[in-house]
Every structure is written in structure tokens, then in C-alpha cells.
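Just so you know, all these numbers are worked out from the coordinates, no wet-lab data involved. It should be emphasised that the depicted structure is a prediction, and the values quoted were computed from it without experimental measurement. Positions of Cβ are backbone-derived with ideal geometry, glycine not excepted, and every protein chain shown enters the neighbour counts.
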Amino acid sequence: MKKSETWQLAVIILIALAALFVDLNIEHPDWVENLLFWRPANQRDIALRRGLDLQGGLQVLLAADVPEGQELDATSMETARRIVESRVNGLGLTEPVVQAQGERRIIVELPGIENPEQGVETIKGTALLEFVDAGRIPLPPGTVITTTWGGPQITPPGAEVPPTTPTELSPTAGSPLTPTQPSPSPGVVYETIFTGAGLKNVGLDPRQGEYAIPFELEPQEAQIFADYTASHVGQYLCIVLDKAIISCPTIREPIPNGQGSISGKFTFDEARQLAIQLRYGALPVPLRVESFNRIGATLGAESVQKSTRAGAIGLTIVLLFMLIYYRLLGSLADVALIIYVLLNFALYKLAPITLTLPGIAGFILSAGMAVDANILIFERMKEELRRGRSMMTAIEIGFSRAWPSIRDGQLSTLIICTILFFFGTNFGASIVKGFAITLAIGTIINIFTAVFATRVFVRQVAASAGQWVSEHKWLLGV
Amino acid sequence: MFNIVEKRHWYFLFSAILFALSIAAMVASAVRFGQPLRLGIDFTGGSIFVLKFDQAVSEDDIRTVFADYGLESAIVQPRGAPEEHIWQVRTREVTANEVGSLLAALEERVGKIDRDALTFDTVEPAVGSEVTRAATLAILVASLIIVAFMWFSFRRVPNAFRYGVCTIAGMAHNLIISFGFYALMGILAGWEMDALFLTAILTVIGFSVQDVIVVFDRIRENIPRHKKEPFETVVNRSILETIHRSLATQLNAMFVMIAIILFGGTTIRPFISTLLVGMVSETYSAIFIAVPLLVVWEKAAARRGVARAMA
């Protein structure tokens, strides 16, 4: 036996044992978890991640709500994503997911959320807060108005943009800003004094059974606020959220310290939602809900249980088939297939890959097709043996001649996985992505187990027991 | 030697019958539902609710509540075993704001809903057209890349172009039959086209070359080895030499897919079933359609060559 081959066998066994160790459902030592340097330090737990369809929860697909053809810069989408992430974290759920999907979409996954309506509202509200000069006539809450704060939808918060009048807005850029309700006095443009970007601290305060949101302003805005309140005593200052009036308190006296409070008829949930939104700032890009999808927790658990059973049954049949049809060779392929399963799961845990129902289906399917490479090789070997070649020659010819077909087949699968992945990414169908990822990982691992590992096994057996096997041809199924 | 290629007219006839049935299913679906394949909410936009009540409820009560929300055209259907009290309601798009009060109204006027089992899915209509465009593009790109890949793999074989075209023929065959199957199931079991169906179709495209490649590889290998044999015999020999592998591989893939269909729950049943049909069709079309077509083409070309030489 060649020395290099003993080494190869040792490496395969080591890899298989390491995979088994990762797969085991135990507390892994900290130093092992800390080897996963590519993951953030606080997310190095070795555990299988279940997608939303397996654990239940709400998935919301948000898209930038800008007119067709308008340029979206990547920075504002990234800012929007981070703001959405902060808001989601404010909801206090375990392991929410906020990811960019393609150039104009954000996918949000909220496991175990109680009130989906609230979740969606908290996430997507632009939360552009304005303090507006209403002069001497108060506006009723809910009224949609036009303000001098021009294109907030396309202006990053905090950027100093001179207030523009509606006539200066181009019609395309202006269209999403058109209020859905008619404004009370058409043509009136209210002056924005400052926006929510100037808020420093935002709190939550139960007051007389209604919730209020106390806030503190940054020094610059505090100064504007002080000057303004000093010169407009007796007039109305409206607090406007996303162009709709929340309240129009009277300015009773100048407010020099930059502290104030937003009160309206808020329930706790509404007040908390608004507080979260104000705390993390307005979205630089308005978002629209393209789809939302809730899956019940019991359904998720049922899916896990059923697909595990289906996978176990399917794999058992494949293992038996290989054993019965290819005998000795089949048993080696079975060992390779078991290593294949171990490696896949280990990779899901280490990477980590979030498993979804189609993802599991992709994995089971890839396991069923993983033996294809072995079948190609074994059939070729049997053919060569029937032609009267020696066992060693048959083995080598089997592997070398089957390789082009295996390679081409695997490549075409990988090409399709790539297409599926991009297709899934671009319209936010994360289920499509899940399938593509597990199928692609399986295909790559398959080359290692079905071609490399099996070849080492077969050569080892041929080297140590070749004579005996040749005398018992039935073992090869010839 | 058993001659598969010789009986090719029978396979062509068999496939022609399958085509006719597939097209008939799509026409029937188009007549009945206005679409050759019933489109799910991923394409049309809309909402689907799956509601599990804790007691028997009346279908009319559910319909009335939805109608009060302006959803008169809601399609209300029972799902699962009757004692589970599971209902599926499909409507036009319900916004996130409406869901909460709609569910509250259902609980108040119809019956208590098991919130742990509650599932709903809403897609904005505008997304639908984009999905359709993306899907069409994905299918076209996938087919083109796979054919280019075939052509590249066989570039050193004489008439590599023909191998590519015969692969497309096989691929088209698999797609027509997969679509026909889904259309039929749409009529029989209400299956609707969704993102998973597209995944299945794209996967079928990808796997459309798996068996063809093996046979073509063997033809490539056998041509120089059996120079004296006519092309048809070489092709037939290549099929027979590889058929064990094709069937064994197909069997294993079928085992796992049938296991998922039987035991894997209802959610992915249409998806895996489509894959199964597509892949069985693939193995069949590789051996009985794509490769015999290659023979037909070579023969026709040879006849033309002879005619030209004689003229």
C-alpha cells in the first residue's frame, strides 16, 4: 500500500470524526466555537439554524418605494437596513433577521412575534418627524399637510437641504409624496422648523392613562426651538409624522432647554412604536411592504418532524439499494454517503446556513443523487471487469473514465444553483435560495465523498484484500 | 444486441401522445380558470389565510366576515380532515393594517382561531408582474447557459451543434410534460404556480443534461473505437452500456423524492412531485428522444451528403 494513500485515509477519517463532533447535539467547548473566526464573536454558537418556515414567525419583504427608474444609492439602502434592524431589535424578539435582498429590497424575519400588524408598522413607517409652524389655526390630528421640508423621501436624515417649494420638485420625484388624503387647505405649504433628526433622547412616559413621548433636542435644534417658541407665543406648533398631524399644542411660553413631549391619544403599543422609530431616526428611503407571510409555530414544528422522517426513510432506502445492488462496492459507497450527510450538517452548523423546508428538500434530494457518481464509477468498473481486466486496472479505469461525466453533471447542477440563487435573491424568495444553497453545497461535498473518499476506500480494500475479493466475484456484483 | 434506436418511432409517438395530453390539460385549465397554469399569489398578488378553528364553523360565517371587509370574492375552502376545522381563504391583497382587525372579527363572529397554527401570506399585485418577468428570464437564461455548456463540453466532437440542439429538444420535452402535469394537478387538486414551482422547473432544466451527457460521452468515446460500425449501431451500443447507470441513478433519486412526497408533509408536495415528474421525463427523454433524434439528424445529413455526391 502506498504511504500517501494511508495518509489520505487518515485525513478522511479525521474529517469525518470532526464532522461527527460538530453534528452531535452537545455543548461544544468555547475554544471550539471560537475557531469560527468568520462569524462575529457573539454569534459563534454551533447550532442548527431553523428558518422561519420551520420555527414559525412573520416574514416581511420591504422594497424601496421610489418611482420606477429612479436611482437608488446603495448607502441609503444600507442606512435604511440598519435603521430597520435597530427598530426590529427594539421589538425585543429572539434572533430576528434583517437582510438586504438585491439592490432595492430588505427582508425582515421576526420569529415568534405576537402582533404582526404592529411589527409591520414599526418597521416600515418612514418616521419623518417634523415640527411645523401652523400659525394661529390649529390642525386636527390626522390631517395630511404639505410642508416646506422638500424631498424627505430621497434626502438622508441630517443632510442640510434647503427647504424647497412643491413647484420646484420634479413631477416624478414628487409623485410618491402626494398625500393620500386631500389637504385641508390646498396650496398651503406649512413651514418646517426642524425635523426629528434633531432629537437626542426619546423616552416613553405614561401620563394620565395615555402614553406620551418625552424628548430632548440636540443643542442646535434646542436653540432653534428656544428662539422660535420665544417669538411665537400663543401660536400653534404642530408635530407632524410622515406628513400627518399628530398634535398641535399651543406655545404657552418660550421653551429654552430643548425639552418637550409628544402627546396624542396613544396606546402603549403605538407609543412604543413611535418611540422606537424616533429613536433610530427616519428612513432615508421610504419602504413599501411587498409581501408578508406568517407561519404558525406548530406548522413549523410539524414540517421539521415530517421532513426529518422523510429524509431518514429516503436515505435508508438509498443505503440499502447501494448495498444490495453493488455489494462490497456499495458498502463503501454507503460509508461515503454517511460521511456526506455528516459533512453537510456540520457545514450548515459552522457556516452557518439557515435551514428552510425547501432547503431540507434540496439536501435530501442531493443525498439521493450523491450516489450517482458512485454508480457511474461502479458501472464502469463492472464493465471493465466483464471485459476481463484485472481488478486494479478496472478500478483505475472506472474512476478515470467516469470522471468527465461526473464533472459535467455536477457543473450543470452548480450552474442551475447559481441561477436559482440570483433569481431567489432578486425577488426576495428566500425559499428558492435555501434550496439552491443546500443543493450546491451537497454537490461540492459530493465530489469529495463520492469520488475522492470512495476511491481511497476502494484502493485500500483492493490493496489489502484484493486477492480474496477476486476469488469471490459475487462481492462485486459482476 | 437489443436495438433501442431502431424502435424510435414508437417513442416519438408515445411522447407525442404525452405532449397532446399536456397541452390538453393546459387548454382545459385555460378554459376553466383563464390560465394554462393556475397562478398563485406570487404572480397575481393577493392573500391566502389558513385558519384553524377550535370547533366546527360555518363556511358562510367566514365568507360574511371577509365580505364585510370588502373581500366579497374570497374563496373559502376546507382543508385537511374535517375534524381539524382548517379553512383556507384566498382573497385579493389584504394589507398588514387590516389583518389584525380581520382576525379579531373572525374570532368574534366565527370561532376561536388557533394562533400557533395560523398562517397567512400576502403579496402585493405589483410584485406579480416582476416575478413573472424574472421567472421567464431565469428560465431562458438557464436553458441558454445549459445548452452553451453542452456545446462547449462537446466542442471537439464532429457536429457538436447537433448535440446541443438534441439536448434542447430533450429539455423542451421535459418542460412540456412538467407543465402539463402541473396544469392537470391544478385542475384536479387546485395546485397553483408559485416560487417553488419555478424552482422545480429550473432544477428540471439543470438536470436535463444529466443523462444525456453520459450517453453523449459514451458515444464520443465509442466512435473512434468502433469505426466500422454505422453511427446508429454505435449510438445503440452507447445507450445499452449506460442504461444501467441511468436507471440506478434515477431509482435512487426517485426513492428519496417519493419518501418526501409520502412523508414530508403537504407544503412541498407539489414542488417535489413536479421535480419527480421532470426527472423521470428527463431520463426517458435522454435515452428515447434526445439520442435517437441525433441518429435521425445524422442519417438525414448523410442522405443529403450522398445525394449531393451523386448529383
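Using +1 at the C-beta of Lys and Arg and -1 at the C-beta of Asp and Glu, which of A:I324, A:A297, A:L376 has the Cα lying farthest in the positive direction of the dipole of chain A?
A:I324
Testing the spin-label approximation: label points 7 Å from Cα along Cα→Cβ at B:A81 and A:A463. State their distance in nm.
With each label placed 7 Å out from Cα toward Cβ, I get 5.8 nm.
Which order do the peptides B:47-58, B:198-209, A:383-394 take when ranked by the mean count of other beta-carbon atoms within 10 Å per residue, highest first? Display every interim value, and only then the final one.
Details: B:47-58: 17.3, B:198-209: 26.3, A:383-394: 15.2.
Peptide ranking by packing, descending: B:198-209, B:47-58, A:383-394.
What residues have an amide H closer than 5 Å to that of B:M193, excluding those fewer than 5 places away on the same chain, when H is modeled at 1.01 Å from N in the peptide plane?
HN-HN under 5 Å from B:M193: B:R38, B:L39, B:G40.
Please compute, for peptide A:394-402, the average count of beta-carbon atoms on other protein chains lying within 10 Å of each residue's beta-carbon.
Details: counts 0, 0, 0, 0, 0, 0, 0, 3, 3.
Counting Cβ atoms of other protein chains within 10 Å of each residue's Cβ and averaging gives 1.
Only sites in a loop by DSSP and with at most 11 other Cβ atoms within 10 Å count here; which trypsin sites (Lys or Arg not before Pro) in the stretch A:61-154 make the cut? Write down the numbers at each step before the final one.
On the way: sites: A:R81, A:R82, A:R87, A:R104, A:R105, A:K124, A:R136; in loops: A:R104, A:R136.
When the trypsin sites (Lys or Arg not before Pro) of the stretch A:61-154 are filtered for loop state and at most 11 Cβ neighbours within 10 Å, A:R136 remain.
Given H placed 1.01 Å from N in the peptide plane, which residues other than close sequence neighbours of B:V94 have an amide H under 5 Å from its amide H?
B:S47
What's the angle, to the nearest 10 degrees (0 to 90), between helix A:297-350's Cα axis and the longest principal axis of chain A?
Tilt of helix A:297-350: around 20 degrees.
Please tell me which of these pairs span more than 20 angstrom C-alpha to C-alpha: A:K382/B:K227; B:K227/B:K299; A:K124/A:K200; A:K243/A:K265; A:K349/A:K433; B:K52/B:K112? Each step should come with its number before you reach the end.
On the way: A:K382/B:K227 24 Å; B:K227/B:K299 16 Å; A:K124/A:K200 22 Å; A:K243/A:K265 18 Å; A:K349/A:K433 17 Å; B:K52/B:K112 8 Å.
A:K382/B:K227; A:K124/A:K200, as the Cα separations exceed 20 Å there.
So, R0 is 25 Å and r is the distance between the beta-carbons of A:D227 and A:N201; what FRET efficiency does that work out to, to 0.05?
Values: r = 21 Å, r/R0 = 0.84.
After rounding, the FRET efficiency stands at 0.75.
Take the alpha carbon atoms of chain B, find their radius of gyration, then divide it by 2.2 N^0.38 Å using N residues; give the quotient. Please report the intermediate quantities before stating the final value.
On the way: Rg = 25.0 Å, N = 311, 2.2 N^0.38 = 19.5 Å.
Against the compact-globule rule of thumb, the ratio is 1.28.
Ranked by Cβ crowding within 10 angstrom, fewest neighbours first, how are B:H226, A:H28 ordered? The partial results should precede the final answer.
Working: B:H226 13, A:H28 17.
By the 10 Å Cβ count, ascending: B:H226, A:H28.
On a full-extension model of 0.36 nm per residue, what is the gain between A:L9 and A:R82, subtracting their alpha-carbon distance, rounded to one decimal in nm?
Values: separation 73, 0.36 × 73 = 26.28 nm, distance 4.76 nm.
So the extension gain works out to 21.5 nm.
In whole angstrom, note down how far apart the Cα centers of the stretch A:236-298 and the stretch B:186-264 are.
59
In debye, nearest 20, what is the charge dipole magnitude of the stretch A:237-391 about its Cα centre with +1 on Lys and Arg Cβ and -1 on Asp and Glu Cβ, if you could check? Display every interim value, and only then the final one.
Details: 16 positive and 11 negative charges, 51 e Å.
For the stretch A:237-391, the charge dipole is close to 240 debye.
Taking +1 at the Cβ of each Lys and Arg and -1 at the Cβ of each Asp and Glu, which of B:P158, B:T274, B:L294 sits farthest along the dipole of chain B towards its positive end, judged by Cα position relative to the Cα centre?
Sorting the options by dipole projection puts first B:P158.
Once phi is turned into ³J(HN,Hα) by the Karplus curve 6.51 cos²θ - 1.76 cosθ + 1.60 with θ = phi - 60°, what whole-Hz value does each residue of the stretch B:30-38 show in order, with x for glycine and proline?
Taking θ as phi minus 60°, the curve returns 5, 5, 7, 10, x, 9, x, 10, 5 Hz for the stretch B:30-38.
Enumerate by residue number the GluC sites (Glu not before Pro) in the stretch A:1-49 meeting two conditions: DSSP loop (anything except H, G, I, E, B), and at most 10 other Cβ atoms within 10 Å of the site's Cβ. Walk me through the numbers before you get to the answer.
Numbers: sites: A:E5, A:E27, A:E33; in loops: A:E27.
Sparse-neighbourhood loop GluC sites (Glu not before Pro): A:E27.
Counting other Cβ atoms within 10 Å, which chymotrypsin sites (Phe, Trp or Tyr not before Pro) in the stretch B:66-151 have at most 16 and lie in a DSSP loop? Mind dumping the intermediate values first?
Numbers: sites: B:F66, B:Y69, B:W87, B:F120, B:F149, B:W151; in loops: B:Y69.
Here the chymotrypsin sites (Phe, Trp or Tyr not before Pro) that fit, given the DSSP loop and packing criteria, are B:Y69.
Give the angle, between 0 and 90 degrees and rounded to the nearest 10, that separates the Cα long axis of helix A:391-426 from the longest principal axis of the Cα atoms of chain A.
Rounded to the nearest ten degrees, it is 10.
Measuring from centroid to centroid over Cα atoms, what is the spacing of the stretch A:403-464 and the stretch B:275-295 in Å?
Cα centroid to Cα centroid, the span is 22 Å.
Please compute, for peptide B:266-273, the average count of beta-carbon atoms on other protein chains lying within 10 Å of each residue's beta-carbon.
Details: counts 3, 10, 11, 0, 0, 5, 5, 0.
Across B:266-273, the average partner-chain Cβ count within 10 Å equals 4.
What does the structure give for B:215-224 when I average, per residue, the other chain Cβ atoms found within 10 Å of the residue Cβ? Mind showing how you got there, number by number?
Values: counts 1, 2, 7, 3, 0, 1, 2, 0, 0, 0.
Neighbouring Cβ atoms belonging to other protein chains average 2 per residue here.
To make sure I understand, if each residue's beta carbon is the centre and we count other beta carbons within 10 Å, what order do A:W31, A:W149 fall in, fewest to most?
Values: A:W31 7, A:W149 22.
By the 10 Å Cβ count, ascending: A:W31, A:W149.
Would you kindly work out the equivalent ellipsoid of the stretch B:173-217 from its C-alpha gyration tensor and give its semi-axes, the square roots of five times the eigenvalues, largest first in whole Å? Mind dumping the intermediate values first?
Details: eigenvalues 132, 26, 6 Å².
Working through the eigenvalues yields semi-axes of 26, 11, 5 Å.
Mind giving me the FRET efficiency for B:I17 and A:D73? R0 is 41 Å, r the Cβ-Cβ distance, nearest 0.05 is fine.
Working: r = 56 Å, r/R0 = 1.37.
With R0 = 41 Å, the Cβ-Cβ based efficiency is 0.15.
Among A:125-135, A:369-379, how do they line up from the highest to the lowest mean number of other beta-carbon atoms within 10 Å?
Details: A:125-135: 21.2, A:369-379: 27.2.
Descending packing order for the listed peptides: A:369-379, A:125-135.
So what's the angle, to the nearest 10 degrees on a 0 to 90 scale, between helix B:195-207 and the longest Cα principal axis of chain B?
Relative to chain B, helix B:195-207 is tipped by roughly 10 degrees.
Is the shape of the protein assembly as shown rounded, prolate or oblate, going by the alpha carbon gyration tensor and its root eigenvalues a ≥ b ≥ c, with a/c under 1.5 for rounded and a/b larger than b/c for prolate? Let's see the in-between values first.
Numbers: a/c = 2.36, a/b = 2.03, b/c = 1.17.
In terms of gyration-tensor shape, prolate.
Which shape class, rounded, prolate or oblate, goes with the stretch A:269-353 when its Cα gyration tensor gives a ≥ b ≥ c as root eigenvalues, a/c under 1.5 marks rounded, and past that a/b bigger than b/c marks prolate? Can you show the working numbers first?
Details: a/c = 4.47, a/b = 2.95, b/c = 1.52.
Because a/c hits 1.5 or more and a/b exceeds b/c, the stretch A:269-353 counts as prolate.
Please compute the modelled spin-label separation between A:S470 and A:Q259, points set 7 Å along Cα→Cβ, answer in nm with one decimal.
Modelled inter-label distance: 9.6 nm.
Nearest 20 debye, what's the magnitude of the dipole of chain A about its Cα centre given +1 on Lys and Arg Cβ and -1 on Asp and Glu Cβ? Could you put the intermediate results ahead of the total?
Numbers: 37 positive and 44 negative charges, 502 e Å.
For this selection, approximately 2420 debye.
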